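Just below is one structure, and these are the notes that go with it.
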Amino acid sequence: MIELNTILLAFLAVYVTHEVFVLWVEHLNRQNLRTGGGSVPPELIGFVDEHRYGKIISYTLDNSRFGIVNQLVSATVLLILLLSGILPYLDRVLCRTFDSRIVSGTLFLIIPAFLAFLVELPFDYYHTFVLENKYGFTTSSVKTWVSDQVKGGLISFFLLSLLVVTVLRVIKASPHHWWFWAFLIVSVIQLVLTALYPVLIAPLFNKFEPLDDQILAKKVRSLMERTGFTVRGIFQMDEGRRSRHTNAYFTGLGKSKRIVLFDTLLASHPHDEILAVLAHEIGHYKEKHILKQILLFEVSMLAGFYVAYLLIDWKELYTTFGFSGVEPYVGLLLIGIFWGKAGFFLKPIYMAISRRFERSADFFAARLLGSGKSLATALKRMAADNLSNLNPHPLYVWFNYSHPPLLERIRTLEKYGS
């Protein structure tokens with residue numbers, strides 16, 4: 001039986017505040033787009049005409065409406081799970097069925113995650129085959145989409161099971177210091193996965209090949225020699241099988257590190273722009289942004305495990321949500337849900353750090369190339385191709401933008417070396 005007490009009221013206050021705040025920020029962003037999006041910004045003239053600008057506004061608003069519905073449905077389903085008594089019932093059934101608390105605890109955490117996956121499936125399908133298709137982005141077949149969902153679901157199931165079993169075993173073996181040992185073990189797993197992702201996981205979804213364009217490949221080698229950058233390879237990825245969106249990214253650790261360029265990017269940008277994008281990605285490595293992000297994540301994870309350790313034996317936490325006894329796996333779920341809502345308000349810190357890294361990588365590319373114009377031009381073309389929002393609200397940027405707003409980046413880059 002759910003108990004109406006201070007803990008529950010505090011939880012609901014945080015939960016509702018989070019949802020209302022997210023929707024309010026989304027509303028501000030939509031209003032800012034409508035009121036501040038009267039004409040094409042001067043920086044984008046030549047890349048975005050009035051028709052395409054209207055399409056950008058329409059695409060952004062459609063995505064916003066979709067996101068609001070998705071957010072409300074997901075939040076409602078999760079709240080029903082928490083307040084209906086379903087989770088305590090599930091725990092009782094699993095404990096009667098399995099003698100091992102490790103097995104029942106693992107299933108207790110995996111089943112809600114699977115339900116969340118099922119709830120998300122129709123939204124993902126709609127986004128891919130209705131919304132994205134409406135604006136000419138989708139190139140994926142239903143077969144490819146189903147394959148992606150199955151492979152992604154199985155990988156997530158395996159990794160979640162591995163992490164849950166690991167943490168529960170550590171809690172059982174070291175009740176008073178589990179938070180530290182769990183942090184160390186999960187950190188090692190996370191680092192191994194980061195190193196293995198480019199060579200083991202990513203190829204399950206996409207095909208990665210050396211650059212087809214030999215002239216571009218020669219220019220890339222020259223650029224890498226100038227920076228003293230050593231990497232396993234510069235790869236092109238077959239993003240065109242699924243979408244017409246363009247992008248590039250840096251991934252991996254140690255010998256597995258690599259730079260990946262979408263084939264859609266290669267098809268739509270001239271060499272100087274591709275080299276500028278590549279220089280930006282090299283900048284992330286040279287400025288040690290990947291290492292700094294990992295360290296930040298590790299510190300956050302250590303703090304999270306310690307807070308969980310402090311709260312996990314708090315009996316009132318369990319009885320509030322209808323559980324009869326203290327079980328670590330139940331505590332991890334309840335604390336994780338609460339932190340997912342309360343921790344949202346720390347996002348501006350992480351986003352600000354990420355934006356700072358992106359500015360640093362932009363400056364690195366501009367210094368390396370002697371000018372920021374090629375990267376600025378690449379960003380303009382990517383914005384036009386991807387229908388990027390050109391007028392985000394500042395508060396929306398604080399909470400959701402890992403990169404500086406497009407116009408800010410373009411203006412800064414065009415000033416460099418001019």
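The values are calculated or read from the model by the stated rules, or taken from the named source; none is laboratory data. What you see is a predicted model, and the numbers here were worked out from it, not measured in a lab. Cβ coordinates were reconstructed from backbone atoms using ideal geometry, including for glycine residues, and neighbour counts include every protein chain displayed.
Against the numbered list (1) in a helix (DSSP H, G or I); (2) under 30 Å from S64 (Cα atoms); (3) not aromatic (F, W, Y), L162 comes up short only at (2). Return yes or no: is L200 over 30 Å from S140 (Cα atoms) and hydrophobic (A, V, I, L, M, F, W, C)? In short, no. For the residues V20, V25, the requirement of being closer than 25 Å to K341 by Cα, among the aliphatic types (A, V, I, L, M), touching a helix residue (DSSP H, G or I) at 6+ places or on another chain (Cβ under 8 Å) and at pLDDT 95 or above singles out V25.
Do you know which of the residues in segment 17-52 that are within 29 Å of F344 (Cβ to Cβ) and over 23 Å from the mean Cα position of the chain (by Cα) is surrounded by the most Cβ atoms within 10 Å (Cβ to Cβ)? Step through it out loud before you land on a result.
Taking segment 17-52 and keeping what is within 29 Å of F344 (Cβ to Cβ), we get 17-37.
Going one step further and asking which of them are over 23 Å from the mean Cα position of the chain (by Cα), we end up with 31-37.
Details: Q31: 11, N32: 17, L33: 20, R34: 12, T35: 9, G36: 12, G37: 17.
Applying the filter and picking the extreme gives L33.
Of the residues making up segment 281-318, those that are closer than 30 Å to R258 by Cβ, of a type in the set (D, E, K, R) and in a helix (DSSP H, G or I) are E281, K286, K292, E298.
Tell me the residue from P348, P328 that is farther than 30 Å from R52 by Cβ and at pLDDT below 95, please. Walk me through it before giving the result.
On the way: P348 fails: at pLDDT below 95.
Checking each option against the conditions leaves just P328.
Exactly one residue out of L211, L184, L162, L204 is loosely packed, with under 15 Cβ neighbours inside 10 Å and more than 30 Å from D313 (Cα to Cα): that is L204.
This table checks each residue for (1) in contact (Cβ under 8 Å) with a residue 60 or more places away in the chain; (2) polar (S, T, N, Q); (3) out of contact with any strand residue (DSSP E or B) (no Cβ under 6 Å at 6 or more places or on another chain); (4) buried (at least 16 other Cβ atoms within 10 Å of the Cβ).
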position: S256; (1), (2), (3), (4): yes, yes, yes, yes
position: D263; (1), (2), (3), (4): no, no, no, yes
position: K288; (1), (2), (3), (4): no, no, yes, no
position: G304; (1), (2), (3), (4): no, no, yes, yes
position: S324; (1), (2), (3), (4): yes, yes, yes, no
position: G331; (1), (2), (3), (4): no, no, yes, yes
position: G336; (1), (2), (3), (4): no, no, yes, no
position: A342; (1), (2), (3), (4): yes, no, yes, no
position: K347; (1), (2), (3), (4): no, no, yes, no
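Among the conditions (1) surrounded by 20 or more Cβ atoms within 10 Å (Cβ to Cβ); (2) assigned to a helix (DSSP H, G or I), the only one that S360 does not satisfy is (1).
In this structure, is I234 free of Cβ contacts under 8 Å to residues at least 60 places away in the same chain and surrounded by 20 or more Cβ atoms within 10 Å (Cβ to Cβ)? When the stated conditions are applied, I234 passes them.
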